[in-house]
Amino acid sequence: MKRVLVTDALQAVGVDALRKHGLEVDVAAALDERALTDRLGEYEGLIVRSATKVSRAAIAAATRLEVIGRAGAGVDTIDVEAATERGIIVMNTPGGNTTAVAEHTLALLLALARRVTVADATLKAGRWEKNRLQGVELLGKTLGILGLGRIGAEVARRALGFRMQVIAYDPYLTREAAERLGVSSVELDELLARSDFITIHTPLTGDTRHLIGEAELARMKPGVRLINCARGGIIDEEALARGLASGHVGGAGIDVFEQEPPPADHPLLRFEQVVLTPHLGAATDEAQSAVALAIAAVVAICALLGVSGWMAWQHHNVVQERQRAAAYTATARQGVINLTSLDFNKAKEGVQRVLDSATGEFKDDFQRRAEDFESVVKDSKAVTEGSVAATAVESMNNDSAVVLVLANERITNIAGAKDQPRTFRFRVSVVHDGDQLKLSKVEFVL
Ligand code: NAD
């Protein structure tokens, strides 16, 4: 039986899920490098959150290790290069905490606009500073989003709800994809010059380290307010402190730091107009259960179903392949959501959505089944709602990919099946059809 070591207080639902998959699981608190190195030789799988760092030395001692799972988005606490050299798969759970981080970003945005934290601190210190603490409204202000990925897009949706103007810079995203969200895609210089608030949602890579430094801050509007809920190091913290001290930067909301926790003399700790949180972006009950379940699913897929190390290679070990893998994965996810989400009263619409995203063999096959399906279900009130728990690229070449998708389907409004979630695994083939990606085959995987 394969063994998995789970550290960092992963939520119990994840541990239970691993056991249900038939894996033997040991649970430990956060481990330092020495303790991890001593124990890792006995396990095929390791799951960490953020406290346990997986170093080259620990990986060298892990003679049986096949997969490292990170319950969260970034894999910067794991030495991916060392893992790659040893053929160990590194998996993460992007997406599980998207809502949590997007909501935290909005919390910081509102706290900055209305000076909530200063008001709270001064009032508790016995001061009623109503006049000094006047804020600004979000309505009509321009929000610049750096990185319009999963989290950036959710922040955009919420900011549009506050009727802000939303602009974004993301060199890997098409203008049309941004426009579909109601966001204008602009170059970095224009974003810096136009934004009243700027929020960062890029990964930390060689390209994004100090993406916001002295020169970029100088190009921003006087009084600009910045938010970083992505990774420490994307903003040059020293430069930001100088911008705040000069008054050019009006405020900052910072959840992540180059060094965590920041040292007591960290320059950002002394500003009243800075709102700081200790890396709380993903710290919600819902996000922690979601990432625990998602990482359990992918680690179990890797350890038990023998999905090749190739797919993780696609996801994390080859940066330039990641964007392409992400596009295939997004199409596969959406296709599976369309397939597993149907309002049976509107069955025609749902079926049409699936047909629109399908091509070739799968389109013909689904078309045939759709006709029977509609006549059977037309009077049913049942609604199924699909959501995707995990995806992994199984194989990929220049014009197609095979993606494994783990989807949950929840049925409501049907006697005897109320609110019962079911989980399915799909193997989805995605191909280019002209310049669009489409589903060409969808199979259930047992
Ligand atoms: P994602 O991969 O969906 O989105 C990242 C986006 O950044 C992509 O659209 C990509 O094209 C874009 N990008 C890459 N390089 C860029 C560049 N140089 N300039 C502009 N855009 C660029 O990732 P996500 O799930 O939205 O996560 C975004 C960030 O949030 C990650 O850094 C992640 O580590 C961080 N995060 C933080 C917390 C927290 O607790 N605060 C939790 C989860 C994720």
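The values are calculated or read from the model by the stated rules, or taken from the named source; none is laboratory data. Every value quoted in this text rests on a predicted model; they were computed, and no experiment measured them. Reconstructed Cβ throughout: ideal geometry from the backbone, glycine too, with neighbour counts over all protein chains shown.
Only one of 51, 57 is surrounded by fewer than 24 Cβ atoms within 10 Å (Cβ to Cβ) and in a loop (DSSP other than H, G, I, E, B). Can you tell me which?
When all the criteria are applied, what remains is 51.
Of 208, 199, which residue is within 15 Å of the ligand (Cβ to nearest atom), of a type in the set (S, T, N, Q) and in a strand (DSSP E or B)?
199
What do you reckon, is residue 2 basic (Lys, Arg), free of Cβ contacts under 8 Å to residues at least 24 places away in the same chain and farther than 28 Å from residue 227 by Cα?
Here the answer is no, as residue 2 does not meet what is asked.
So which residues in region 243-283 are assigned to a helix (DSSP H, G or I) and within 16 Å of the ligand (Cβ to nearest atom)?
Passing the criteria: only 268.
Got a sec? Which of 139, 173 is under 18 Å from the mean Cα position of the chain (by Cα) and either more than 16 Å from the ligand (Cβ to nearest atom) or in a loop (DSSP other than H, G, I, E, B) (or both)?
173 is the lone residue from the list that is under 18 Å from the mean Cα position of the chain (by Cα) and either more than 16 Å from the ligand (Cβ to nearest atom) or in a loop (DSSP other than H, G, I, E, B) (or both).
Out of the residues in region 211-232 meeting the condition of being near the ligand (Cβ under 10 Å from one of its atoms) and part of a loop (DSSP other than H, G, I, E, B), tell me which one is surrounded by the fewest Cβ atoms within 10 Å (Cβ to Cβ).
232
What pairs can you find where one residue is in region 180-198 and touching a residue at least 40 places away in the same chain (Cβ under 8 Å), the other is not in a strand (DSSP E or B), and their Cβ atoms are less than 6 Å apart, with a gap of 6+ or different chains?
Sorted first by the residue in region 180-198, then by its partner, the pairs are 192/216; 192/219; 192/220; 196/141.
State which residue pairs qualify: first residue in the same structural domain as residue 410 (by TED's automatic domain parsing) and inside region 424-446, second residue loosely packed, with under 13 Cβ neighbours inside 10 Å and part of a loop (DSSP other than H, G, I, E, B) in any location, beta carbons under 6 Å apart, and separation of 6 or more residues or different chains.
Matching pairs, first to second residue: 432/399.
Just to check your reading of the model, which residue among 264, 287 is over 23 Å from residue 119 (Cβ atoms), among the hydrophobic types (A, V, I, L, M, F, W, C) and in contact (Cβ under 8 Å) with a residue 60 or more places away in the chain?
The match here is 287.
I'd like to verify a number: residues in region 145-170 that are part of a strand (DSSP E or B) and more than 14 Å from residue 229 (Cα to Cα), how many?
Qualifying residue count, region 145-170: 5.
Condition first: at pLDDT 95 or above, in a helix (DSSP H, G or I) and more than 16 Å from the ligand (Cβ to nearest atom). Can you find one or more residues in region 100-109 that meet it?
No, every residue in region 100-109 fails to be at pLDDT 95 or above, in a helix (DSSP H, G or I) and more than 16 Å from the ligand (Cβ to nearest atom).
I'd like the full set of residues that are among the charged types (D, E, K, R) and over 24 Å from the mean Cα position of the chain (by Cα), limited to region 238-281.
Within region 238-281, 238, 242, 265, 270, 272 qualify.
Any idea which of (1) of a type outside the set (Ser, Thr, Tyr); (2) within 16 Å of the ligand (Cβ to nearest atom); (3) farther than 22 Å from residue 103 by Cα is the one residue 240 doesn't satisfy?
(2)
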